[in-house]
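A quick write-up on the structure given underneath.
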Amino acid sequence: MEIANLPISPSQRAKLLSAGYTTLTSLSAVSPFQLARDLNIALQEASDILKVMPEFTRSESLHGGNAILKGAQTAWDMLSEEQMQKHITTGCENLDTILGGGIHCKEVTEVGGVPGIGKTQLGIQLAVNVQIPVEYGGLHGKAVYIDTEGSFMVERAHQIAEGCIMDMLDKFRHHQKVILACQEQMQPNSFLANIFYFRICSYTEQIAVINYLGKFLAEQKDVKIIIIDSVTFHFRQDFDDLARRTRVLSGMSLELMKLAKTYNLAVVLLNQVTTKFTEGSFQLTLALGDSWSHACTNRVILYWNGNDRHAYIDKSPSLRSASAPFSVTSKGIRNATSQCKRVRMM
Amino acid sequence: MAEFNEPRSKATASVSSSGNPTSFLSRASKCAKTLEEGNRSLSDDAGFAQVQPMMEDWHQPWLNGVELLEDSNRNKHFLPTGYEGIDVLLGGGLCEGQLTEIVGSSSSGKTQVCLYSAAHVADKHFGVVMFLDTCNSFSPKRIACMVDQLSSSFSGEAKERRLKRIMSNIFCHSIFDIFALLDVLHQLEFNLKHQVTSGHTKICLLIIDSISSLLTPVLGGKGSEGRLLMVSAGIILKKLANEHNVSVLVTNHMVGGEGGILKPALGESWKSIPHVRLQLTHDQGSNICNVSILKHTFMASGRTTKFVIHG
């Protein structure tokens, strides 16, 4: 890079050149005093010139310029990191299998489906499951639950936490040591205490909360999952300018991507369905339009197949598309059982 | 003083520094004018004489057709993506020195093409692949799985070594806003310039998946800053491609146009930036993708082919 590229005034540039500073390297080792003397200018001006030198040129000269790009990681390092990662179980083994072990950290997963299919149930289940202690094979994290519809039921969360604890104790009944070690954590109330709940009443609040989360997460390092139930609700009303909605939504999705990556946590967005007219017929798709469909890393669609609930991987960079049955029981999300029949809401 | 005319803000400065020679010429003449008028303390002729050779250095040398052809034969190779269908369609693959854009709706296979090309190019010793990830969709696991398919003839330790070699040649950087992208591109340009002398393995493929998700939050509305940022990103990408023989691959999504027909996003001013534009479509429930040329510098557009994404 040359002096000519620096964003300084032409007269300063000319002074630099005539004093013999032709490259940035020649400037990198110079002190403001020396530069002021050589150029016959005020000290302040000299230090201003040195300030505009791009940040990276200085760091580059310090590190010897080995890295191709500062902050970049090789895929090999990322692979070994990913293999160390634990995933958040959904409670249903079949669903975990098609998800590659559960909900992944550092990714944004969107879950959509018709009303009553169990989106909120899955959301609450994940908020509970993320807290399973490490000894029981969990992440021992905390959850942020952003509720836009007011559908979070704390009684239900308590019930699911109880169900989760019962199943964990049952699964580890031969490991007395583990059970004794985490006796305190395995209480429904301590599970509830680690869910941070935000109630959102407008899209402005929703954006404000998401912008605030960066700060919140810097303090609460243990948070491993953010659940937004649902991301759509406020954006489906009071929005006349659809182009503006797209802009706001895509900005929001980038912010969520950034949170997921920076704080190594999973983001789960629950979405509603809408009808779309394609090729002469109306079909159900997830709401918020075509540009929004790019806003998530993975997309899971929940649907009815006869009397069974199924989940389908609609989009994912790493998972193949597959579907698996699941059921919603009093304990929460579990493997599908044949006895479970659909209760139609008449 | 001419100080006021100088662009100060970061974004504008980046545009002018990556601009074409003519914009520099106007700046240079401004610089000379300042020297003549404003700065009597400096000995005019001596100062100008020192500055002039540098100004002349700045314009690119002219090339004639034969030299251009030589340069293109020597430096601008095709990088095969590994998908036979695409490579045949493009006459060999992604061209170095060019900006290739893939458009397609959600889950049409854009990211898969990016990941597969990255693995394939890194495998064939062409050089280093730089992956700029904006949607957390860069999946090392998926690449490992692709490499596994590519190296079915190897076994045991050789396979593991091969995997490590390929994976170490792919670099990934997450980017979540357009300013970070411009920063990274400037840094990359600077590093590439200095690598020529230090003899590092060179970057041959730069992938941005997806550029549209960085641009949609700033585009539209009343102001034109969004378009400015978009075009300056385009200019610097094409500059990188041309000067450092890098093949640039970006992905873009589709939006509903008139009458509900899908069209590539980012509008008309972006349309003119990529050299090659490919559209992907994917039938639900099969792993066969259709790819068609929407725009190409030397091939007829509208040609279509199919390829298979392996699970």
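All conditions but one from (1) under 17 Å from the mean Cα position of the chain (by Cα); (2) more than 13 Å from every other protein chain (Cβ to nearest Cβ) apply to B:LEU205; the one that does not is (2). Taken over the stretch A:282-309, the criterion of being more than 10 Å from every other protein chain (Cβ to nearest Cβ) and of a type in the set (Lys, Arg) is satisfied by A:ARG309 alone.
The set of residues from the stretch B:110-139 being in contact with a Phe, Trp or Tyr (Cβ under 7 Å, 6 or more places away or on another chain) and modelled with pLDDT under 90 comprises just one member, B:VAL128.
Return a yes/no flag: does the stretch B:90-109 have any residue that is assigned by TED's automatic domain parsing to the domain that holds B:ILE273, assigned to a helix (DSSP H, G or I) and either modelled with pLDDT of 90 or more or among the small types (Gly, Ala, Ser) (or both).
Of the stretch B:90-109, the ones assigned by TED's automatic domain parsing to the domain that holds B:ILE273 are B:90-109.
Among the residues that remain, those that are also assigned to a helix (DSSP H, G or I) are: none.
No; the residues of the stretch B:90-109 include none that is assigned by TED's automatic domain parsing to the domain that holds B:ILE273, assigned to a helix (DSSP H, G or I) and either modelled with pLDDT of 90 or more or among the small types (Gly, Ala, Ser) (or both).
The condition of being away from every other protein chain (no Cβ under 14 Å), within 26 Å of A:PHE196 (Cβ to Cβ) and without any contact (Cβ under 8 Å) to a residue 24 or more places away in the chain holds for only one of A:ASP147, A:ASP167, A:ASP96, that being A:ASP96. A:SER80 satisfies every condition listed in (1) in a strand (DSSP E or B); (2) surrounded by fewer than 17 Cβ atoms within 10 Å (Cβ to Cβ); (3) small (Gly, Ala, Ser) except (1).
Restricting the stretch A:316-338 to residues that are within 14 Å of another protein chain (Cβ to nearest Cβ) and crowded, with 21+ Cβ neighbours inside 10 Å, which is nearest to B:GLN284 (Cα to Cα)?
A:SER316
Taking into account only those residues within the stretch B:115-134 that are within 23 Å of A:LYS315 (Cβ to Cβ), at the interface with another protein chain (Cβ under 9 Å from one of its Cβ atoms) and not in a strand (DSSP E or B), which is farthest from the chain's Cα centre (by Cα)? The qualifying residue farthest from the chain's Cα centre (by Cα) is B:ALA119. Any residue at all in the stretch B:201-217 that's at negative phi and surrounded by fewer than 20 Cβ atoms within 10 Å (Cβ to Cβ)? Yes; the residues of the stretch B:201-217 include at least one that is at negative phi and surrounded by fewer than 20 Cβ atoms within 10 Å (Cβ to Cβ). Residue by residue through the stretch A:49-85, note down the ones that are at pLDDT 80 or above and more than 7 Å from chain B (Cβ to nearest Cβ). Within the stretch A:49-85, A:ASP77, A:SER80, A:GLU81, A:GLN83, A:MET84, A:GLN85 qualify.
Quick check: is even one residue across the stretch A:224-237 part of a loop (DSSP other than H, G, I, E, B), more than 19 Å from A:GLN121 (Cβ to Cβ), over 21 Å from the mean Cα position of the chain (by Cα) and at pLDDT below 90? Yes: the stretch A:224-237 contains one or more residues that are part of a loop (DSSP other than H, G, I, E, B), more than 19 Å from A:GLN121 (Cβ to Cβ), over 21 Å from the mean Cα position of the chain (by Cα) and at pLDDT below 90. Taken together, the residues in the stretch A:246-266 that are more than 7 Å from chain B (Cβ to nearest Cβ), of a type outside the set (S, T, N, Q) and either in a helix (DSSP H, G or I) or farther than 25 Å from A:ARG236 by Cβ (or both) amount to 8.
For the stretch A:224-245, filtered to residues that are acidic (Asp, Glu) and either in contact (Cβ under 8 Å) with a residue 40 or more places away in the chain or farther than 17 Å from A:ASP290 by Cα (or both), the residue that is nearest to the other protein chains (Cβ to nearest Cβ) is A:ASP240. Entry remark, the stretch B:216-265: residues being among the hydrophobic types (A, V, I, L, M, F, W, C), within 19 Å of the chain's Cα centre (by Cα) and within 11 Å of chain A (Cβ to nearest Cβ) number 1 in total. Residue-level check: of (1) among the small types (Gly, Ala, Ser); (2) surrounded by 22 or more Cβ atoms within 10 Å (Cβ to Cβ); (3) under 22 Å from B:PHE78 (Cβ atoms); (4) within 12 Å of chain A (Cβ to nearest Cβ), B:SER137 misses just (3).
If you go through the stretch B:135-164 and keep only what is outside any helix (DSSP H, G or I) and not aromatic (Phe, Trp, Tyr), you end up with B:CYS135, B:ASN136, B:SER137, B:SER139, B:SER151, B:SER152, B:SER153, B:SER155.
Here are the criteria: (1) under 20 Å from B:SER139 (Cα atoms); (2) touching a residue at least 12 places away in the same chain (Cβ under 8 Å). Tell me which single one A:ARG320 does not satisfy. Going through the list (1) under 20 Å from B:SER139 (Cα atoms); (2) touching a residue at least 12 places away in the same chain (Cβ under 8 Å), A:ARG320 breaks only (2). Are any residues in the stretch B:70-98 among the charged types (D, E, K, R) and buried (at least 22 other Cβ atoms within 10 Å of the Cβ), and if so, which ones? Hit for the stretch B:70-98 is B:GLU96, nothing else.
Please state which one of B:GLY226, B:GLY302, B:GLY285, B:GLY256 is in contact with a strand residue (DSSP E or B) (Cβ under 8 Å, 6 or more places away or on another chain), farther than 29 Å from B:LYS76 by Cα and free of Cβ contacts under 8 Å to residues at least 12 places away in the same chain. Even if it seems obvious, please write down each step before you answer.
Numbers: B:GLY226 fails: in contact with a strand residue (DSSP E or B) (Cβ under 8 Å, 6 or more places away or on another chain); B:GLY302 fails: farther than 29 Å from B:LYS76 by Cα; B:GLY285 fails: in contact with a strand residue (DSSP E or B) (Cβ under 8 Å, 6 or more places away or on another chain).
Selected residue: B:GLY256, the only one of B:GLY226, B:GLY302, B:GLY285, B:GLY256 that is in contact with a strand residue (DSSP E or B) (Cβ under 8 Å, 6 or more places away or on another chain), farther than 29 Å from B:LYS76 by Cα and free of Cβ contacts under 8 Å to residues at least 12 places away in the same chain.
Out of the stretch A:103-118, which residues are charged (D, E, K, R), on the phi < 0 side of the Ramachandran plot and out of contact with any Ser or Thr (no Cβ under 7 Å at 6 or more places or on another chain)? Answer for the stretch A:103-118, where residues must be charged (D, E, K, R), on the phi < 0 side of the Ramachandran plot and out of contact with any Ser or Thr (no Cβ under 7 Å at 6 or more places or on another chain): just A:GLU110.
The values are calculated or read from the model by the stated rules, or taken from the named source; none is laboratory data. Treat the numbers as computed from the prediction; the structure is a model and nothing was measured. For neighbour counting, all protein chains shown are included, and Cβ atoms are generated from backbone atoms with ideal geometry for every residue, glycine included.
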